[in-house]
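Asker: Sharing a structure here in structure tokens format.
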Amino acid sequence: MTTLNTTLKNAQGLHARPATLFCKEAGAFKSDIKLVCGDKEGNAKSLIALLAMGLTAGAELQVVAEGEDEEAAAKHMADFIATFQE
């Protein structure tokens, strides 16, 4: 299991458009990937799960990946969250 910490930089948070793009990026990996924010947790490949988390700008997140490409998956998804801007 690989876990990386990151901060959500997008000023509008993780609403529908960035969440859709995030799910698409996560779907390219074989590993199971989830986002954790405090006591909230969601499957990174599920748009509904991500939207239900209600993530806002500045949220401190953990990207947790487990599987054969977990290191690459965690790094890519953490970088996506940290750099995505609309």
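Asker: Can you tell me how many residues in the range 11-45 are loosely packed, with under 15 Cβ neighbours inside 10 Å and either free of Cβ contacts under 8 Å to residues at least 24 places away in the same chain or of a type in the set (G, A, S) (or both)?
Answerer: Qualifying residue count for the region: 9.
Asker: Going through the range 58-75 one residue at a time, which ones are in contact (Cβ under 8 Å) with a residue 40 or more places away in the chain, touching a strand residue (DSSP E or B) at 6+ places or on another chain (Cβ under 9 Å) and open to solvent by 10 Å² or more (accessible area, probe 1.4 Å)? Break it down into steps so the answer makes sense when it comes.
Answerer: Within the range 58-75, the first condition is being in contact (Cβ under 8 Å) with a residue 40 or more places away in the chain, and the residues that meet it are 58-66, 69-75.
Filter again for touching a strand residue (DSSP E or B) at 6+ places or on another chain (Cβ under 9 Å), leaving 58-66, 70-75.
Once the filter is applied, which keeps residues that are in contact (Cβ under 8 Å) with a residue 40 or more places away in the chain, touching a strand residue (DSSP E or B) at 6+ places or on another chain (Cβ under 9 Å) and open to solvent by 10 Å² or more (accessible area, probe 1.4 Å), the range 58-75 yields G58, A59, E60, Q62, V64, E66, E70, E71, A72, K75.
Asker: Shifting gears a bit: Any residue that is hydroxyl-bearing (S, T, Y), touching a Gly at 6+ places or on another chain (Cβ under 6 Å) and modelled with pLDDT of 95 or more - is there at least one of those in the range 40-58? Step through it out loud before you land on a result.
Answerer: Going residue by residue through the range 40-58, those that are hydroxyl-bearing (S, T, Y) are 46, 56.
Right, trim to touching a Gly at 6+ places or on another chain (Cβ under 6 Å) and you get 56.
Still in the list and also modelled with pLDDT of 95 or more: none.
No, that holds for no residue.
The values are calculated or read from the model by the stated rules, or taken from the named source; none is laboratory data. Quick caveat: nothing in here was measured; it's all calculated off a predicted structure. In this analysis, Cβ positions are derived from the backbone assuming ideal geometry, glycine residues included, and neighbour counts consider all displayed protein chains. Note: accessible area is taken over every heavy atom of the protein model, side chains too, but ligands, DNA and RNA are not part of it. Shrake-Rupley method; radii C 1.70, N 1.55, O 1.52, S 1.80 Å.
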